[in-house]
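Everything on this sheet refers to the single structure shown next.
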Amino acid sequence: MPESAYTASVVSSVAEIPAAVWNGLAPGAGGVPDNPFLEHAFFLAAEQSGSATRRTGWQPQHLLLSDATGAAVGVMPLYLKSHSQGEYVFDHGWADAFQRAGGEYYPKLQCAVPFTPVTGPRLLARDPASRSALLTAAATLASQNDISSVHSTFVPDDEVELAREAGWLVRHDTQYHWHNEGYGSFDDFLGTLSSRHRKVTRRERRDALAADGLTVKWLSGSDLTEAVWDAFFTFYQDTGSRKWGRPYLTRSFFTQLSAAMANRILLMFAYDGDEPIAGTLSLIGKDRLYGRYWGSTREVPFLHFELCYYQAIDYAIAHGLKVVEAGAQGEHKLARGYAPATTRSIHWIGHPGLREAIARFLQQERASVENEQRMLERYTPFRHGDVPGSE
């Protein structure tokens with residue numbers, strides 16, 4: 001179908017789009033997206049909890065694509081941003097350069113799952129023509145409203161190719177993912193590591209828990225009481241205040257998310273007796289575990305590694321999940337069996353001069369990322385130098 005056959009409209013709240021429509025356009029089965037971060041409920045919780053709103057610099061401007069009959073055939077989760085916080089793909093340098101040259105970089109349009117560096121479809125539509133129409137609609141929206149740019153972060157390969165054909169710029173970055181090669185147990189995984197790394201891993205796991213007599217519990221579904229969320233929010237605030245100055249998500253976000261998606265949420269808590277002292281939050285996908293947040297009220301050596309990386313591997317093996325995505329950044333993940341993986345973002349830049357400058361920068365940056373990943377693979381802990389599931 002030609003792009004002229006579609007109509008795109010701007011929707012100021014995800015609540016205006018029925019959950020069945022939104023979820024039905026995302027890849028999945030039975031109206032349940034394979035990727036939990038694509039669920040309507042996740043975006044709804046982010047907006048209704050006051051986490052992703054105009055006040056916080058995340059003004060919803062979702063694009064809803066309809067065909068000639070008026071049926072919804074595509075959705076692009078889109079936000080008008082007054083800053084570049086909570087995106088994990090850093091464009092502050094672009095903004096500074098454009099503003100020094102007399103331009104206005106903000107506001108910009110950001111297609112993303114708020115505060116979430118997880119790869120997944122951003123153009124929720126069933127066919128390439130509809131996805132291309134969403135890209136065109138986003139660029140048109142920016143052009144008609146004197147908005148400097150449109151950015152879509154953590155996108156899959158097929159969307160990269162559509163964007164490249166449409167003249168968007170492509171950016172690469174690196175994350176660290178663990179791949180399940182059919183392991184039956186954590187010891188099976190350890191058997192793929194060099195002798196030195198096996199010893200280090202065993203020692204870290206022992207010291208994280210045994211020294212203080214700590215225990216770990218996996219919590220999901222009906223385990224997720226308000227008392228559990230109160231404890232987790234304390235952990236989340238502690239990490240947020242130390243790393244970013246303020247947490248992005250409100251306390252009510254977790255209650256709303258839990259009410260809608262409890263069976264796709266996994267908390268891993270470390271307990272001293274009956275007292276939770278540290279915890280992580282992950283979301284469970286069709287074949288992946290997505291690690292997101294960590295925090296603690298007590299400093300315990302290696303407890304961060306245990307909860308964020310080793311327990312995640314245990315869970316993935318026990319539940320037959322193929323990949324653990326452990327979030328953004330962190331070269332220390334290499335030694336724990338997490339291998340470099342390329343992430344991608346796409347960018348429409350309205351000003352010709354800024355676009356040309358960014359295109360030159362990205363060409364150099366992509367080569368640098370590729371070279372860096374080849375170097376990083378030398379530091380993986382695997383016995384024979386083979387990196388499982390290299391992406």
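The values are calculated or read from the model by the stated rules, or taken from the named source; none is laboratory data. Keep in mind the model is a prediction, meaning the values are calculated, not measured. All Cβ positions, glycine included, derive from the backbone under ideal geometry; neighbour counts span all protein chains shown. Ligands, DNA and RNA are stripped out before the accessible areas are found, and what is left, the full protein with its side chains, is counted by its heavy atoms. Shrake-Rupley method; radii C 1.70, N 1.55, O 1.52, S 1.80 Å.
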Checklist entry - Which one of Thr69, Thr53 is free of Cβ contacts under 8 Å to residues at least 24 places away in the same chain, touching a strand residue (DSSP E or B) at 6+ places or on another chain (Cβ under 8 Å) and not in a strand (DSSP E or B)? => result Thr53
Checklist entry - Which of the residues spanning the range 6-24 are assigned to a helix (DSSP H, G or I) and crowded, with 16+ Cβ neighbours inside 10 Å? => result Val14, Ala19, Val21, Trp22, Asn23, Gly24
Checklist entry - Say we look at the range 273-300 and pick out the residues that are modelled with pLDDT of 95 or more, of a type in the set (Asp, Glu) and part of a loop (DSSP other than H, G, I, E, B); which of these is most open to solvent (accessible area, probe 1.4 Å)? => result Asp274
Next on the checklist: Testing Ala231 on (1) in contact with a helix residue (DSSP H, G or I) (Cβ under 9 Å, 6 or more places away or on another chain); (2) surrounded by 13 or more Cβ atoms within 10 Å (Cβ to Cβ); (3) among the small types (Gly, Ala, Ser), one condition comes back false. Which one is that?
Outcome noted: (1)
Checklist entry - Residue check, Thr239 against (1) closer than 20 Å to Gly320 by Cα; (2) open to solvent by less than 70 Å² (accessible area, probe 1.4 Å); (3) not hydrophobic (A, V, I, L, M, F, W, C), all met but one. Which one? => result (1)
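Among the residues of the range 26-50, count how many are touching a residue at least 40 places away in the same chain (Cβ under 8 Å), farther than 13 Å from Pro121 by Cα and either part of a helix (DSSP H, G or I) or open to solvent by less than 10 Å² (accessible area, probe 1.4 Å) (or both).
7
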Next on the checklist: Yes or no: the range 252-272 includes at least one residue that is in a helix (DSSP H, G or I), in contact with a Gly (Cβ under 6 Å, 6 or more places away or on another chain), at pLDDT 95 or above and under 22 Å from Val324 (Cβ atoms).
Outcome noted: yes
Item to check | Filter result (assigned to a strand (DSSP E or B) and either out of contact with any Phe, Trp or Tyr (no Cβ under 8 Å at 6 or more places or on another chain) or small (Gly, Ala, Ser) (or both)) within the range 322-367 | outcome: Ala326, Gly327, Ala328, Ala339, Ala341, Thr342, Ser345, Ile349
Checklist outcome for this item: Only one of Leu214, Leu209 is surrounded by 13 or more Cβ atoms within 10 Å (Cβ to Cβ) and out of contact with any Phe, Trp or Tyr (no Cβ under 7 Å at 6 or more places or on another chain), namely Leu209
Checklist entry - How many residues, within the range 242-272, are open to solvent by 40 Å² or more (accessible area, probe 1.4 Å) and of a type outside the set (Ser, Thr, Tyr)? => result 11
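Go over the candidates Ser148, Ser185, Ser143, Ser132 one by one and state the one that is surrounded by fewer than 23 Cβ atoms within 10 Å (Cβ to Cβ) and touching a Phe, Trp or Tyr at 6+ places or on another chain (Cβ under 8 Å).
Unique residue meeting the criteria: Ser148.
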